[in-house]
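These notes concern the structure reproduced below.
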Amino acid sequence: MRLHLLALLAKEPAHGYELKQALEQTFGSAYPSPNIGQIYVTLGRLEKDGLVRAVDVEQSNRPNKKVYYLTAKGRELLTTWVDEPTEGPRVRDEFFMKLVLAPLTGIADRMALINRQRRHYLSLMRDLNDLLSRTPPTDRVAMLLIEGAMLHLQADLDWLERCQEDLA
Amino acid sequence: MTPVLKTVRLVKIYQDGAVPVPAVRGVDLQVEPGEFVAIMGPSGSGKSTLVHMLGGLDTRTSGEIWLDDHRVDTLSESAWALLRRKKIGFVFQFFNLVANMTVGDNVELPALLAGASPKVARERRESLLGALNLGERADAAPAQLSGGEQQRVALARALANQPSVLLADEPTGNLDSRNTRDVLRLLGDVHKEGQTIVMVTHDARVASLADRVVSLFDGEIADDGRIARRRTGTVGEVIDLR
């Protein structure tokens, strides 16, 4: 969450609760509901690392609140994060390892593994379809996240087909 | 319950070239009333051949095909054609609408061919076009419609005779994602009303709308199972889902 908070602070200084609201507004339902405690803990660590600094702002009838702002070091880290290409999905995943090793174990043959995995992916796809139909079209980032997940699943299913053709 | 469709050791071998090519190699399939079955598999796995045989568009080499408890693979071509008009609706990837007839006439034609009175055929045409949101396009020529609209017309035509089974061969294969969504919603709607559907598709998004997925491989059924439904909450959890 560190870099997400840095990105929000790059726009304007804010206190913890404002950051929680900003996450909710920016991502809609595409971000697991941010926990306020986790936000404060993360801000504390960012401060310790010199990536943000805090100033106390007096409030008339409540305790002071801490408003955080980005330091030059924080901005540098954020720029590096944004400019770097992002790693794609890991391909040598758990299923791949099972598929390669299964014939040695005598527990399941590869066809059975492929069939079971296909059903699993299809049921995930079905969930995503349900989710998409329940997501209001105005929640653009959520729609994009679901569509992205669907395209990844389609690729996984295409790859299962390739495994089936080559290993059968 | 009597299955709507049943095949017994169904085989298709193409003998056109020098070497016979087996496309379907002994398929036993049973489709219950109201089921929505997706047929998937790599290209060349026999899925289109299978669904064409089910619809009588291709002849079988051996085995049996039963439709509504009647054996149909032994029927003469004309008897098959007659039965097909009444009991089977077909949707293809490339719509196959009659180009020089209006949208409305395309939808009305199957009912007339099946022997419905002009009045009944007209009523059905109007209710179908209305349901598919095409009422205002009835007098247009198919070519004036977008791909998605043409596919909706093809769907209306296929449903015109309230068929026992709707067969679809890559019905969204030629559509962009928005039109795909429209056509899928319609398929989902008619399925909810009890329509039995057998659909060939390579698109997992489309297949996942079905109750059951049959996976073909090399002309045989490699897997046949229901798609489990799980429940996910917010979109945020989708990230964690994987």
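The values are calculated or read from the model by the stated rules, or taken from the named source; none is laboratory data. As the structure is a computational prediction, the values presented were derived from the model and not from experiment. With ideal geometry, Cβ positions are generated from the backbone for all residues, glycine too; neighbour counts draw on all protein chains shown. When the accessible area is computed, the model is the full protein with side chains, heavy atoms only, and any ligands, DNA or RNA have been set aside. Shrake-Rupley method; radii C 1.70, N 1.55, O 1.52, S 1.80 Å.
Output needed for segment B:160-221: three equivalent-ellipsoid semi-axes, defined as square roots of 5 times the C-alpha gyration tensor eigenvalues, in descending order, whole Å. Before the final figure, lay out the partial values.
Numbers: eigenvalues 71, 54, 22 Å².
Taking √(5λ) for each Cα gyration eigenvalue gives 19, 16, 11 Å.
Quote the charge dipole size of segment A:2-83 about the Cα centre in Debye, to the nearest 20; the model charges only the Cβ of Lys and Arg (+1) and of Asp and Glu (-1). Numbers along the way, then the final one.
Working: 11 positive and 9 negative charges, 33 e Å.
Dipole magnitude for segment A:2-83 comes out near 160 debye.
When you take every Cα atom in segment B:92-242, what is the radius of gyration, and what is Dmax, the widest Cα pair distance, in Å?
Final numbers for Rg and Dmax: 17.5, 57 Å.
Just subtract the alpha-carbon distance of A:Ala112 and A:Gln38 from 0.36 nm times their residue separation and send over the number in nm, one decimal. Mind dumping the intermediate values first?
Details: separation 74, 0.36 × 74 = 26.64 nm, distance 4.24 nm.
Computed gain between A:Ala112 and A:Gln38 is 22.4 nm.
So what are the three principal axis dimensions of segment A:35-97 from its Cα atoms, in whole Å, longest to shortest?
Largest to smallest, the principal-axis extents are 60, 26, 16 Å.
Per DSSP H run of at least 4 residues, take -39500 (n - 2.57); add these up for chain B, divide by its residues and hand me the 222 nm value, nearest 500 deg cm²/dmol. Each step should come with its number before you reach the end.
On the way: 8 runs with 83 residues, N = 242.
After summing the helix terms and dividing by the residues of chain B, the value is -10000 deg cm²/dmol.
Compute the signed sum of charges (Lys and Arg +1, Asp and Glu -1) over the other residues within less than 13 Å, Cβ to Cβ, of A:Glu58. Before the final figure, lay out each step's value.
Numbers: positive: A:Arg62, A:Lys65, A:Lys66; negative: A:Asp56.
Net local charge, A:Glu58 excluded: +2.
What FRET efficiency do you get for A:Ala72 and B:Thr61 if R0 is 60 Å and r is their Cβ-Cβ distance, rounded to the nearest 0.05?
Working: r = 76 Å, r/R0 = 1.27.
E(calc), rounded to 0.05, equals 0.20.
Helix-derived [θ] at 222 nm for chain A: sum -39500 (n - 2.57) over DSSP H runs of at least 4, divide by residue count, nearest 500? Write out the running numbers ahead of the final one.
Working: 7 runs with 112 residues, N = 168.
Computed mean residue ellipticity for chain A: -22000 deg cm²/dmol.
Give the average, rounded to an integer, of partner chain Cβ atoms located within 10 angstrom of each Cβ in B:221-230. It would help to have the intermediate numbers written out before the result.
Values: counts 0, 6, 8, 1, 6, 3, 8, 7, 4, 5.
Mean inter-chain Cβ contacts per residue within 10 Å come to 5.
When you look at the Cβ of every residue in A:110-122, what mean number of other chain Cβ atoms sits within 10 Å?
On the way: counts 0, 3, 1, 0, 4, 6, 2, 0, 8, 7, 2, 3, 13.
Mean partner shielding for this stretch: 4.
At 10 °C and 1.306 mPa s, what whole-number value in µm²/s does Stokes-Einstein give for the translational diffusion of the protein assembly as shown, with Rh from the Kirkwood sum over Cα pairs? Walk me through the numbers on the way to the answer.
Values: Rh = 25.0 Å.
Stokes-Einstein gives a translational diffusion coefficient of 64 µm²/s.
What is the Cα coordinate range of segment B:24-178 on the first, second and third principal axes, sorted by size from largest, in whole angstrom?
Rounded to whole Å, the extents work out to 46, 38, 28 Å.
Please work out the Cα center distance from segment B:145-201 to segment A:1-43, rounded to the nearest Å.
Their Cα centres are 44 Å away from one another.
Among the complete DSSP H segments of chain A, which ones combine at least 30 Å of alpha-carbon extent along their axis with a mean Kyte-Doolittle hydropathy of -1.0 or more?
For chain A, where a helix must reach 30 Å along its axis and average at least -1.0, the hits are A:110-134, A:140-167.
What does a probe at A:Arg140 reach in segment A:13-44, counting residues whose amide N is under 14 Å from the point 7 Å along Cα→Cβ?
Within reach of a label on A:Arg140: A:26-28.
For an R0 of 30 angstrom, estimate the FRET efficiency from the Cβ-Cβ distance between A:Gln21 and B:Glu193 and round to the nearest 0.05. Walk me through the intermediate numbers first.
Numbers: r = 44 Å, r/R0 = 1.47.
After rounding to 0.05, the efficiency reads 0.10.
Zone of B:Ala141 (label point 7 Å along Cα→Cβ, backbone N under 17 Å): which residues in segment B:69-100?
Hits in segment B:69-100 for B:Ala141 at 17 Å: B:96-100.
To the nearest 10 square angstrom, what accessible area does A:Tyr17 show with a 1.4 Å probe?
110
Between A:Ser60 and A:Thr86, what is the FRET efficiency for a Förster distance of 56 Å, r being their Cβ-Cβ separation, to the nearest 0.05? If you can, show how the numbers build up before the last one.
Values: r = 45 Å, r/R0 = 0.80.
Once rounded, the FRET efficiency stands at 0.80.
So for each of A:59-66, A:122-129, A:105-112, A:137-144 I average, over its residues, the number of other beta carbons within 10 Å; can you give me the resulting order with the highest mean first?
On the way: A:59-66: 9.1, A:122-129: 22.5, A:105-112: 11.9, A:137-144: 13.9.
Result, highest mean Cβ count within 10 Å first: A:122-129, A:137-144, A:105-112, A:59-66.
If the viscosity is 0.890 mPa s and the temperature 25 °C, what translational diffusion coefficient in µm²/s does Stokes-Einstein give for segment A:94-167 when Rh comes from Kirkwood over Cα pairs? Don't skip to the answer; put the middle values down first.
On the way: Rh = 13.8 Å.
For these conditions, the coefficient is 178 µm²/s.
With +1 on each Lys and Arg Cβ and -1 on each Asp and Glu Cβ, and nothing else charged, work out how big the dipole of segment A:72-130 is about its Cα centre, in Debye to the nearest 20. Before the final figure, lay out each step's value.
Working: 10 positive and 9 negative charges, 62 e Å.
Here segment A:72-130 has a charge dipole of around 300 debye.
Would you list which lysines come within 25 Å of B:Lys47, measuring only between C-alpha atoms, while excluding same-chain residues fewer than 8 positions from it?
Those lysines meeting the cut-off are B:Lys6, B:Lys12, B:Lys86, B:Lys87, B:Lys192.
For segment A:2-83, state the semi-axes of the equivalent ellipsoid (square roots of 5 times the eigenvalues of the alpha-carbon gyration tensor), sorted largest first and rounded to whole angstrom. Present the calculation step by step, with values, prior to reporting the outcome.
Values: eigenvalues 80, 61, 22 Å².
Ellipsoid semi-axes (Å, largest first): 20, 17, 10.
Net charge near A:Asp49, counting Lys/Arg +1 and Asp/Glu -1 over other residues with Cβ under 14 Å of its Cβ?
In short, +4.
If you take each beta carbon of peptide A:142-155 and count the beta carbons of other chains within 10 angstrom, what is the mean? Mind dumping the intermediate values first?
Working: counts 4, 1, 1, 4, 2, 2, 2, 5, 5, 1, 1, 4, 4, 1.
Across the residues of A:142-155, the mean count of other-chain Cβ atoms within 10 Å is 3.
When each pair of different Cα atoms in chain A is counted once in the 1/r mean, what is the Kirkwood radius in angstroms, to one decimal?
Details: mean 1/r = 0.0508 Å⁻¹.
The answer is 19.7 Å.
If you place +1 on the Cβ of every Lys and Arg and -1 on the Cβ of every Asp and Glu, how big does the dipole about the Cα centre of chain A come out, in debye to the nearest 20? Write down the numbers at each step before the final one.
On the way: 22 positive and 23 negative charges, 103 e Å.
The dipole of chain A has a size of about 500 debye.
A:Lys73: which aspartates and glutamates have alpha carbons under 14 Å from its alpha carbon, excluding same-chain residues fewer than 8 sequence positions away?
Filter leaves A:Glu47, A:Asp49.
Roughly how many percent of the accessible protein surface of chain A is carbon and sulfur, given a 1.4 Å probe and a whole-percent answer?
On the way: 5690 of 10530 Å².
About 54 percent, which is the carbon plus sulfur part of the accessible surface.
So, for segment A:1-102, what is the accessible surface per residue at a probe of 1.4 Å, expressed in square angstrom? Can you show the working numbers first?
Details: 7000 Å² over 102 residues.
Accessible area per residue: 69 Å².
Would you be so kind as to identify which of A:Ser133, B:Gly89, A:Asn35 lies farthest towards the positive end of the dipole of the protein assembly as shown, taking Lys and Arg as +1 and Asp and Glu as -1 on Cβ and the Cα centre as origin?
A:Asn35
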